[in-house]
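What follows is a short report on a single structure.
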Amino acid sequence: MIVYLPFHSLVFVRHCWKSSDTMNASDTYPEAITNSGKTQIADEEIKNLLEKENEVSHVLPLKVLMNSSFEVNDGISKVVPGYSYDGDMDLVKVENLEGGNPKHKNEISLSSALSEAINAKVGDTVTATIEGVKGNYKVTGIFFTMNNGGFLFRIQQASVTDMNLGLQTMFQVKLKDNVDVDSFLKKLEDSYSE
């Protein structure tokens, strides 16, 4: 379920799940709040507001990277979107089929379709051009997704901090157990509507 909630010109895009839930391969990506570009509220302030909500277990900022490519074969590149996370993906149960989530700069996890297309496995080093900057990344995990035809990657925000990104930050929110999602969404709407 996606719900849009205004918050001082912010747009809340909500996919909420409980602490006991695990993100499965077929799950819709559980993204949360994004800045509409009409507000002066800093990302850190938004994160702090979310963390103060009693129902929230964890908040993890992320950005969608749309200008990235990988060489798939014989010099042909494939444009692949990705997510850069600012923190521990394990806290919000982002899982892999094998290996683990990137923890450090220049580490990457690849979707199974992408890893197959570029013939990469956990432990390999791959070359990618992410947001216009070419670099080498150690593969830490392989995951399954149906997003973007199965082609996606995940990295830590530290890998892209030197890049000139004009991207919006989203906040992935994990709710505590026994929290009713609809009630939580209603509370946010009531609290933060214009």
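Per atom type, the stretch 110-184 shows carbon and sulfur on 43% of its accessible surface, probed at 1.4 Å.
Listed here are the pairs LYS52/LYS186; LYS138/LYS174; LYS105/LYS138; LYS93/LYS187; LYS52/LYS176; which of them are more than 19 Å apart at the Cα? Distance filter (> 19 Å) returns LYS138/LYS174; LYS93/LYS187.
Calculated accessible area for the stretch 45-127 comes out at 50 Å² per residue, all protein chains present (probe 1.4 Å; ligands, DNA, RNA ignored).
The values are calculated or read from the model by the stated rules, or taken from the named source; none is laboratory data. This one's a predicted model, so the numbers in the text were calculated from it and none came from an experiment. Protein only, heavy atoms only, side chains kept; ligands, DNA and RNA dropped before computing areas. Shrake-Rupley method; radii C 1.70, N 1.55, O 1.52, S 1.80 Å.
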